[in-house]
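This report refers to the structure that appears directly beneath it.
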Amino acid sequence: MRFHQNIIITISILVLLSCQESTKPSPKAQNKKAIKTIQPSYAKWFNIEYFDGFKKINIISPWTHKPYQSYYVYINDKPELHENEQACAQKHTPSCYVLSGTILGFFKTLNLNDIIGGIDQKQYSAQIEIRQKVEQNKILEVGDGERLNLERVLIEHPDMVFTSGWPQIHINNQRLIQQGIPVVFTLDWQESSALARAEWIKFIAAFFEQDKLADSLFKQVEKRYIALSNLAKAEAIQPTVMHGTPMSGVWYMAGGKSYMAKMYQDAGAQFLWANDSSTGSLPLDFEAVFLKAEKADYWFCTSPTDEFLKDDKLQLFDAVKNGQVYSNSVPQSGDLPNLYWEIGTVRPDWILEDLIHILHPSILPTDSLHFYRKFEN
């Protein structure tokens, strides 16, 4: 499917931060009722309200379950602005700084790479196109969080900055907002399922009048993901799976309620920590992992190399003995990172396809994988 290379945006974006009491919506927006509200099918932490002439994009905090941030996106006509409101991206192709790998994946999928004017650092991007533009000085490296080159960003004054959201807004992002640069936070990483994370493409698209395209793309991914999962779950044999990589004496296992635990289940596997109630990583020692996973059929890790497998203790696991260790972080080539984190978020069906290829090769055989690579023992 081909999309337009250049998207001319005719919008005005007003940023309303819930943590700033002085920032109020204009009476024009405040007095209108939504024509419709889009509640995502899987994602919990955003929704979109549509009004006559504008939309309101809302983020809900996963930590407090209260409003985190809202954005007013006006179409075509510039509204009467309240004195505290911020406007940007009016009737031109906007310049956006994208400081998160997963957001870069959304931009690529929506064919919005041409409006990216800045990223965190080139070394963190897995897209050759983005790296080449950095080398050609068409995209700036500006850092993120503590590393953000605040002075440079303020001088360049992009129309929007996209970055990951956290419980507390970083001081550097607060300064950008104070200087009239809207900061758009994403919380896809806080969702508890792969499809919920992928559905944040609708959030990104809403800023660029690409709502219909995002909805169509997501439906394709959703349909394919569900079909693949049904195929895998129908298998009589469900292999056992362990996860994670030991680092400095601590083994970070996916929690039983995490999105990866759900994905292993969707791939027709028995994840050995499925009964755990954690939604994030579960820090364990070697003994705890060995007692439960010594006989695991497969081991999915996150290491870019297999050097850690030289540890004699790890050679005791059946998955290592039988050569069934796979990683989603092996570089594409040289210093080019794996596309797993950048593209995998928006294409969870590709991740699931990899897992099913590995776990159930008889029903989904292939000579190549999208993201995972096998470590030879």
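Readers should treat all values here as calculations from the given coordinates under stated rules, not as data from a laboratory. Worth saying up front: this structure is predicted, and the values here are computed from it rather than measured. Reconstructed Cβ throughout: ideal geometry from the backbone, glycine too, with neighbour counts over all protein chains shown.
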Check: Given charges of +1 on the Cβ of Lys and Arg and -1 on the Cβ of Asp and Glu, with all other atoms neutral, how large is the dipole of region 235-375 about its Cα centre, in debye to the nearest 20?
Finding: 140
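Out of every Cα pair in the chain, what percent are spaced more than 37 Å from each other? Numbers along the way, then the final one.
Values: 18015 of 70876 pairs.
Result for the distance tail: 25 percent.
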Margin query: With θ taken as phi - 60° and the coefficients 6.51, -1.76 and 1.60, list the Karplus ³J(HN,Hα) couplings across region 101-117 in order, rounded to whole Hz; mark glycine and proline as x.
Written below: x, 5, 5, 4, x, 5, 4, 4, 5, 8, 6, 10, 4, 5, 9, 7, x
Check: Want the number for Ile237 to Lys219: 0.36 nm per residue separation, take away the alpha-carbon distance, what's left?
Finding: 3.5 nm
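Highest mean first, what order results for 119-125, 33-39 on Cβ atoms within 10 Å?
119-125, 33-39
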Next item on the list: Mark the label point 7 Å from the Cα of Thr305 along Cα→Cβ and return the residues of region 347-377 whose backbone N is within less than 16 Å of it.
Entry: 375-376
Next item on the list: Using +1 at the Cβ of each Lys and Arg and -1 at the Cβ of each Asp and Glu in region 157-240, identify which of Ala236, Ser192, Pro158 lies farthest towards the dipole's positive end.
Entry: Ala236
Note to self: Give me the extension gain from Leu316 to Thr366: residue separation times 0.36 nm, minus the current Cα-Cα distance, reported in nm with one decimal.
What the structure shows: 15.1 nm
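Give the shape of region 170-324 as rounded, prolate or oblate, defined through the alpha-carbon gyration tensor: a ≥ b ≥ c are the square roots of its eigenvalues, a/c under 1.5 means rounded, and otherwise the shape is prolate if a/b is larger than b/c and oblate if not.
Working: a/c = 2.83, a/b = 1.51, b/c = 1.88.
Here region 170-324 falls in the oblate category.
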Next item on the list: Evaluate 2.2 N^0.38 Å with N set to the residue count of region 235-375, then give the Cα radius of gyration divided by it.
Entry: 0.99
Check: Which ³J(HN,Hα) values in Hz, rounded to whole numbers, follow from the phi angles of region 280-288 under the Karplus curve 6.51 cos²θ - 1.76 cosθ + 1.60, where θ = phi - 60° and Gly and Pro get x?
Finding: x, 7, 10, x, 10, 8, 4, 4, 5
Next item on the list: Determine the percent antiparallel among the DSSP beta bridges restricted to the chain, to the nearest 5.
Entry: 60
Item checked: 16 Å cut-off, amide nitrogen to a point 7 angstrom out along Ala288 Cα→Cβ, residues in region 250-269 -> 250-258
Notebook entry, point to check: Once the Cβ-Cβ distance between Ala227 and Leu154 is put in as r, and R0 is 45 Å, what FRET efficiency do you end up with, to the nearest 0.05?
Noted result: 0.40
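Once you charge only the Cβ atoms, +1 for Lys and Arg and -1 for Asp and Glu, what is the size of the charge dipole of the chain about its Cα centre, to the nearest 20 debye? Don't skip to the end; give the middle numbers.
Details: 37 positive and 43 negative charges, 211 e Å.
In total the dipole reaches around 1020 debye.
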Next item on the list: Please give the contour-minus-distance gain from Tyr50 to Ile128: 0.36 nm per residue of separation, less the Cα-Cα distance, rounded to one decimal in nm.
Entry: 24.4 nm
